[in-house]
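Notes to accompany the following structure.
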Amino acid sequence: MSFLKFFMTPSARRRMERRERRHAFRDAENAKQDVVDRQKRLEKEAKECWDKAREALKNGEKAAANRALTAARAAQVLAMKLEQKRWVFEQYLTKMEVAQSDNQFAEALGQINKIIRIDPERVEDVFGAAQDILGEQVDADRFWNKMYETEMQGANGALQDRIPSFDEMSAELEQQVAAEVGGAAGPAAAGNEIDARISEGQRRVKEILEGK
């Protein structure tokens, strides 16, 4: 709480706190969008590196093709890591949005308390019973969280494995270049195969993260 708030009326203090919450959540949404934008740039960079690798291999520049291919896969790995971090961030942001409802409920109840007579002992008994039940639920949640963490162990490596390996990408690149140089029919299909595999990997990663 800033020093200025000590000199504010309760209503003015609440207004400032609401404004600060709005700014904080807006900044969080902006941060999330920044990550999405970086993912798009990485995907574009991966595509450009793939095209460079194809052209280099067509010209017989094997070393240059390997460098570009390595850069393409590295960009895909970074994009996948950003996807993981964005997902975790969104989960915590949602929890924080839910948590702020506590203050909203408290303010609403405060207004109701001014106009309604409440038996404190009865309310205490009811909430005491509710807390006992919720305490049991907390224990159950801990169990589910433990099981979830167990299932997700090693997920970082597993998610990255969804991206084709360097050798797989290299073989695909050589097939595509051979099709283009040899004038084989349907080179576009060969060129689209690796993109389809990467997209499928990304789809499966999202399913893993969302628990599908």
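Filter region 98-131 down to the residues that are among the charged types (D, E, K, R) and surrounded by 10 or more Cβ atoms within 10 Å (Cβ to Cβ), then identify the one that is nearest to Val36 (Cα to Cα).
Narrowing region 98-131 to residues among the charged types (D, E, K, R): 102, 107, 114, 117, 119, 121-122, 124-125.
Now restrict to residues that are surrounded by 10 or more Cβ atoms within 10 Å (Cβ to Cβ): 107, 124-125.
On the way: Glu107: 36, Glu124: 47, Asp125: 48 Å.
Going through the qualifying residues, I end up with Glu107.
Within region 90-97, identify whether any single residue is surrounded by 13 or more Cβ atoms within 10 Å (Cβ to Cβ), in a helix (DSSP H, G or I) and either touching a His at 6+ places or on another chain (Cβ under 8 Å) or among the β-branched types (Val, Ile, Thr) (or both), and answer yes or no.
Scanning region 90-97, I find no residue that is surrounded by 13 or more Cβ atoms within 10 Å (Cβ to Cβ), in a helix (DSSP H, G or I) and either touching a His at 6+ places or on another chain (Cβ under 8 Å) or among the β-branched types (Val, Ile, Thr) (or both), so the answer is no.
Taking the conditions exactly as written (assigned to a helix (DSSP H, G or I), surrounded by 10 or more Cβ atoms within 10 Å (Cβ to Cβ), modelled with pLDDT of 85 or more and not polar (S, T, N, Q)), does Arg142 satisfy them or not? If you could, list the steps in order and put the result at the bottom.
Working: assigned to a helix (DSSP H, G or I): yes; surrounded by 10 or more Cβ atoms within 10 Å (Cβ to Cβ): yes; modelled with pLDDT of 85 or more: no; not polar (S, T, N, Q): yes.
So Arg142 does not fit the description; no.
Give Arg73, Arg54, Arg67 a once-over and let me know the one that is in a helix (DSSP H, G or I), at pLDDT 85 or above and in contact with a Gly (Cβ under 9 Å, 6 or more places away or on another chain). Quick ask: steps written out before the conclusion?
Details: Arg73 fails: in contact with a Gly (Cβ under 9 Å, 6 or more places away or on another chain); Arg67 fails: in contact with a Gly (Cβ under 9 Å, 6 or more places away or on another chain).
That would be Arg54, the only listed residue that is in a helix (DSSP H, G or I), at pLDDT 85 or above and in contact with a Gly (Cβ under 9 Å, 6 or more places away or on another chain).
Quick one: how many residues across region 5-16 are surrounded by 13 or more Cβ atoms within 10 Å (Cβ to Cβ) and in a helix (DSSP H, G or I)?
Going through region 5-16, the residues surrounded by 13 or more Cβ atoms within 10 Å (Cβ to Cβ) turn out to be 8, 13-14, 16.
Next cut, in a helix (DSSP H, G or I) only: 13-14, 16.
Within region 5-16, residues that are surrounded by 13 or more Cβ atoms within 10 Å (Cβ to Cβ) and in a helix (DSSP H, G or I) number 3.
The values are calculated or read from the model by the stated rules, or taken from the named source; none is laboratory data. Since we're looking at a predicted model, the values are computed, not measured. For neighbour counting, all protein chains shown are included, and Cβ atoms are generated from backbone atoms with ideal geometry for every residue, glycine included.
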